[in-house]
1. Go through the residues of the range 60-81 one by one and say whether even a single one is more than 12 Å from ligand 1 (Cβ to nearest atom), more than 30 Å from Thr25 (Cβ to Cβ) and surrounded by fewer than 17 Cβ atoms within 10 Å (Cβ to Cβ).
2. Which one of the conditions (1) surrounded by 11 or more Cβ atoms within 10 Å (Cβ to Cβ); (2) within 10 Å of ligand 1 (Cβ to nearest atom) does Arg113 fail to meet, given that it meets all the rest?
3. Quick one: Cys119 ticks every box in (1) under 12 Å from the mean Cα position of the chain (by Cα); (2) loosely packed, with under 15 Cβ neighbours inside 10 Å except a single one, so which number is it?
4. Would a scan of the range 48-59 turn up a residue that is closer than 23 Å to Glu13 by Cα, within 16 Å of ligand 1 (Cβ to nearest atom) and in contact (Cβ under 8 Å) with a residue 60 or more places away in the chain?
5. Across the range 79-129, what is the total count of residues that are in contact with a helix residue (DSSP H, G or I) (Cβ under 6 Å, 6 or more places away or on another chain) and among the hydroxyl-bearing types (Ser, Thr, Tyr)?
6. Which one of Ser87, Ser106, Ser97 is at pLDDT 95 or above and either within 16 Å of ligand 1 (Cβ to nearest atom) or of a type in the set (Phe, Trp, Tyr) (or both)?
7. Confirm whether Val133 is aliphatic (A, V, I, L, M) and at pLDDT 95 or above.
8. In the range 37-57, which residues are over 29 Å from Ala96 (Cβ atoms) and surrounded by fewer than 13 Cβ atoms within 10 Å (Cβ to Cβ)?
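The values are calculated or read from the model by the stated rules, or taken from the named source; none is laboratory data. Note that this is a predicted model, so its numbers are computed, not measured. A quick note on method: Cβ atoms are made from the backbone with ideal geometry, for glycine too, and the neighbour counts reach across all protein chains shown.
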Amino acid sequence: MEKIKVILTFPKETINKPIICHLNTDYHLISNILRANVMPREVGKMVLELEGEEKDIKDGIKYLESFGVEVIPVSKELRFKEEECISCGACLAVCASQALFMDLESFEVKFDRDLCILCEHCVKACPLRVIEVTFD
Ligand code: SF4
Ligand code: SF4
């Protein structure tokens, strides 16, 4: 099984169509919407995580593109330098997805990559700059 994140840009005319649900029913993909900005009669943006067999992911992307949806793989990652973190907690308030969280046993700030939606709010919030965005 593969897991990728993609940024989708929907043309105005596709906004009301149930495109995403077909990724599940027709392509056997698990889709997880990480971020979305979709308004009626406007171009829509979405960050989507797709999980499934490599061929199904490729076919699902082709299916999206057949509707004029632009699909850009997310090549950036968040690097959390845990050894430099002082667990001050300043980043926790800006992390809406709770990818950064306080471990209540050790009282250390931890990072769950699977929950991160790459909004980058924590990068600016950290006074020690221990969180960075890296690119492939
Ligand atoms: S980029 Fe930072 S603030 Fe945004 S979801 Fe990821 S860990 Fe949380
Ligand atoms: S703001 Fe920076 S130093 Fe403070 S807990 Fe978050 S990552 Fe660690």
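1. Scanning the range 60-81, I find at least one residue that is more than 12 Å from ligand 1 (Cβ to nearest atom), more than 30 Å from Thr25 (Cβ to Cβ) and surrounded by fewer than 17 Cβ atoms within 10 Å (Cβ to Cβ), so the answer is yes.
2. For Arg113, the failing item is (1).
3. Going through the list (1) under 12 Å from the mean Cα position of the chain (by Cα); (2) loosely packed, with under 15 Cβ neighbours inside 10 Å, Cys119 breaks only (2).
4. No, every residue in the range 48-59 fails to be closer than 23 Å to Glu13 by Cα, within 16 Å of ligand 1 (Cβ to nearest atom) and in contact (Cβ under 8 Å) with a residue 60 or more places away in the chain.
5. 1
6. The match here is Ser87.
7. In short, no.
8. Glu54, Lys55
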